[in-house]
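Notes follow once the structure below has been shown.
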Amino acid sequence: SPAMQRFLGPLLCLWALRLPAGSGVAARGLDVASYRERVRAMFYHAYEHYLESAFPYDELRPLTCDGQDTWGSFSLTLIDALDTLLILGNVSEFQRVVSVLQEGVDFDIDVNASVFETNIRVVGGLLSAHLLSRKAGVEVEAGWPCSGPLLRMAEEAARKLLPAFQTPTGMPYGTVNLLHGVNPGETPVTCTAGIGTFIVEFATLSHLTGDPVFEDVARKALKALWKNRSDIGLVGNHIDVITAKWVAQDAGIGAGVDSYFEYLVKGAILLQDKELMSMFLEYNKAIKNYTKFDDWYLWVQMYKGTVSMPVFQSLEAYWPGLQSLIGDVDNAMRTFLNYYTVWKQFGGLPEFYNIPQGYTVDKREGYPLRPELIESAMYLYRATRDPTLLELGRDAVESIEKISKVDCGFATIKDLRDHRLDNRMESFFLAETIKYLYLLFDPDNFIHNDGSDFDVVVTPYGECVLNAGGYIFNTEAHPIDPAALHCCRKRKEEQWEVEDLMREFYSRKKTKKFTLKRAPDHREGENAKDPEDASSEKAGEKRNSKKSSHSLLSCPSQSFNSKLAVLGQVFLDNT
């Protein structure tokens, strides 16, 4: 029935991504299971040494076996690694860390913090852990996912960032004092990514808490960047958030810009927002026209389009993964293979690589164990199952273990030419690099759920479906369940419709096992009755007497006029 199709839409979208049985077996002789276990061992080598030598500091210093605060004073590696623990299947440690964070993390401190980094690592990490808590066996409070201690912590951290957005343009300062707000002498110059990388976390926060302020400021910042693009459709690298004048006019897809483009796409998917996708597609045209050469992307002057830096930056390696999300898989693979040749040349990606000369750039020879190329490999493998992508994962494991592993963890590679190391292990190594490697080698992980398994939870606003897959990773690789955004709003007609559709779905799928439990009917003005009784008919009559509305849980049956994809699966506009 049409109603059943609307309910099953999100699940069918995800079923299309399902890998065939046995997809975890060796490709080209590569033992996927063995590499998966090696990645697991890498995680625990780093994680346990952080706990032993660095906690409660933000990061581990692996050469001296001690710790340091870097982006605040949040025990940052612990927050960043939390959802990775669950992805590796360690529910007991996840539960322990949740308790530790509730007791030990305080945001009411006199610290100057990066608005961008605090958002993606702290707010994003806490939101993800909050939404995964029930799956991890944490005893959640009544009203979850619309309430909970980790959600309150994420909200508290985000509120500390709000003063940064109080500018004439709506574009935020780059740094804020968590106790006093923006310092009087704070520079108004912020990078583009530091302005446009909030919509995923802040919209999630608004939908879960009911406070629109977070999504509102994130949208205003996104639109301010869009308004200030050049006549040829490009944005620069740094802008004055008071005057909206571009200070650095280099345009590209890499450092200082990268996650702005990423969040237009992911925000569009998360929120089913046509405007955000349209903005990205316009940027994509300009990027192809002015910066793309032989499947490389250069840096150009934002007003003229003339080449300013013919370099590849390691941070740009996220781009093939982003291309896969909009269904541009062929172009994504070609660019990925270019980047992979650089990895093979050095055993890692140098921060800067001079494309014409085919070598590193002076003082940019390091590799701080960044995840971006591995991230793209994970997305593209979901879309293509090309064994070349597993080979990149293999090479990453071998390189990192050979070059970077030390007694107390894994150290940043200061120079890929001679393998000198630096005394730092960034928190993103456990949040992103290890996570994407593990997911590349673990096709049956719950993160890759195809929609055939899901949970139904009861909220104060009715029942909602969670854990059906389609997770949106923030730019620190913290997965957000998009269905959760529809759990905490009271839209009665749509609630009734979803409940009735679920009943119909149960009756048709009695032979299939689901992780479901029926809960009492909490509709206002009606007594809880048997699912098959006449109450659903009455509810249906009420709904049918009104103009049909779009279901909260509908799949991307695109209002987008363009192709869109989730984890590489392309959907076409059939509306």
> Which residues, taken from segment 146-189, are buried (at least 17 other Cβ atoms within 10 Å of the Cβ), touching a residue at least 60 places away in the same chain (Cβ under 8 Å) and of a type outside the set (A, V, I, L, M)?
Replying inline: C146, T167, T169, P172, Y173, G174, T175, N177
>> Is it the case, given these coordinates, that R61 is open to solvent by 60 Å² or more (accessible area, probe 1.4 Å), basic (K, R) and modelled with pLDDT under 95?
In response: no
> What number of residues within segment 482-501 satisfy the criterion of being open to solvent by 10 Å² or more (accessible area, probe 1.4 Å), assigned to a loop (DSSP other than H, G, I, E, B) and at pLDDT 80 or above?
Replying inline: 2
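Being under 20 Å from the mean Cα position of the chain (by Cα), over 30 Å from C487 (Cβ atoms) and buried (at least 18 other Cβ atoms within 10 Å of the Cβ) narrows it down to one of G256, G252, so name that one.
Numbers: G252 fails: under 20 Å from the mean Cα position of the chain (by Cα).
Checking each option against the conditions leaves just G256.
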>> Of everything in segment 409-427, what is outside any strand (DSSP E or B), out of contact with any Phe, Trp or Tyr (no Cβ under 8 Å at 6 or more places or on another chain) and open to solvent by 10 Å² or more (accessible area, probe 1.4 Å)? Give them in sequence order.
In response: D418, H419, N423, R424, E426
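Going by the structure shown, is E48 more than 27 Å from G267 (Cβ to Cβ) and either touching a residue at least 24 places away in the same chain (Cβ under 8 Å) or in a helix (DSSP H, G or I) (or both)? Even if it seems obvious, please write down each step before you answer.
Values: more than 27 Å from G267 (Cβ to Cβ): yes; either touching a residue at least 24 places away in the same chain (Cβ under 8 Å) or in a helix (DSSP H, G or I) (or both): yes.
In short, yes.
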> Hey, among the residues in segment 385-401 that are β-branched (V, I, T) and closer than 24 Å to A332 by Cα, which one's least open to solvent (accessible area, probe 1.4 Å)?
Replying inline: V397
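Out of S404, S452, report the one residue that is closer than 28 Å to F116 by Cβ and either surrounded by fewer than 23 Cβ atoms within 10 Å (Cβ to Cβ) or among the polar types (S, T, N, Q) (or both).
Details: S452 fails: closer than 28 Å to F116 by Cβ.
Answer to the selection: S404.
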> Does A221 satisfy the criteria of being in a helix (DSSP H, G or I), open to solvent by less than 30 Å² (accessible area, probe 1.4 Å) and among the small types (G, A, S)?
Replying inline: yes
> Just checking, how many residues over segment 327-345 are open to solvent by 20 Å² or more (accessible area, probe 1.4 Å) and either farther than 24 Å from R417 by Cβ or touching a strand residue (DSSP E or B) at 6+ places or on another chain (Cβ under 8 Å) (or both)?
Replying inline: 8
> I232 passes all but one of (1) farther than 22 Å from R334 by Cβ; (2) in a helix (DSSP H, G or I); (3) of a type outside the set (D, E); which number fails?
Replying inline: (2)
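Could you please let me know if R370 is open to solvent by 40 Å² or more (accessible area, probe 1.4 Å) and more than 21 Å from the chain's Cα centre (by Cα)?
No.
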> Which numbered condition trips up V457, out of (1) assigned to a helix (DSSP H, G or I); (2) touching a residue at least 60 places away in the same chain (Cβ under 8 Å); (3) open to solvent by less than 20 Å² (accessible area, probe 1.4 Å)?
Replying inline: (1)
> So which residues in segment 235-282 are of a type in the set (V, I, T) and in a loop (DSSP other than H, G, I, E, B), if there are any at all?
Replying inline: V235, V241, I242, T243, I253, V257
> When you look at G196, is it over 26 Å from I472 (Cβ atoms) and of a type in the set (G, A, S), yes or no?
Replying inline: no
> Which of (1) in contact with a Pro (Cβ under 7 Å, 6 or more places away or on another chain); (2) open to solvent by less than 40 Å² (accessible area, probe 1.4 Å) does R364 not meet, given it meets every other one?
Replying inline: (2)
>> Where the second residue is open to solvent by 60 Å² or more (accessible area, probe 1.4 Å) and assigned to a strand (DSSP E or B) and the first is within 12 Å of I195 (Cβ to Cβ) and acidic (D, E) and lies in segment 224-247, which pairs have Cβ atoms under 8 Å and are six or more apart or on separate chains?
In response: D240/V247
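Would you point out which residue out of L85, L30 is more than 19 Å from Y381 (Cβ to Cβ), of a type in the set (A, V, I, L, M) and open to solvent by less than 50 Å² (accessible area, probe 1.4 Å)?
Details: L30 fails: more than 19 Å from Y381 (Cβ to Cβ).
The match here is L85.
The values are calculated or read from the model by the stated rules, or taken from the named source; none is laboratory data. Worth saying up front: this structure is predicted, and the values here are computed from it rather than measured. Here Cβ is always computed from backbone atoms with ideal geometry, including for glycine, and neighbour counts include all displayed protein chains. Side chains are part of the model used for accessible areas, which takes the heavy atoms of the whole protein and leaves out ligands, DNA and RNA. Shrake-Rupley method; radii C 1.70, N 1.55, O 1.52, S 1.80 Å.
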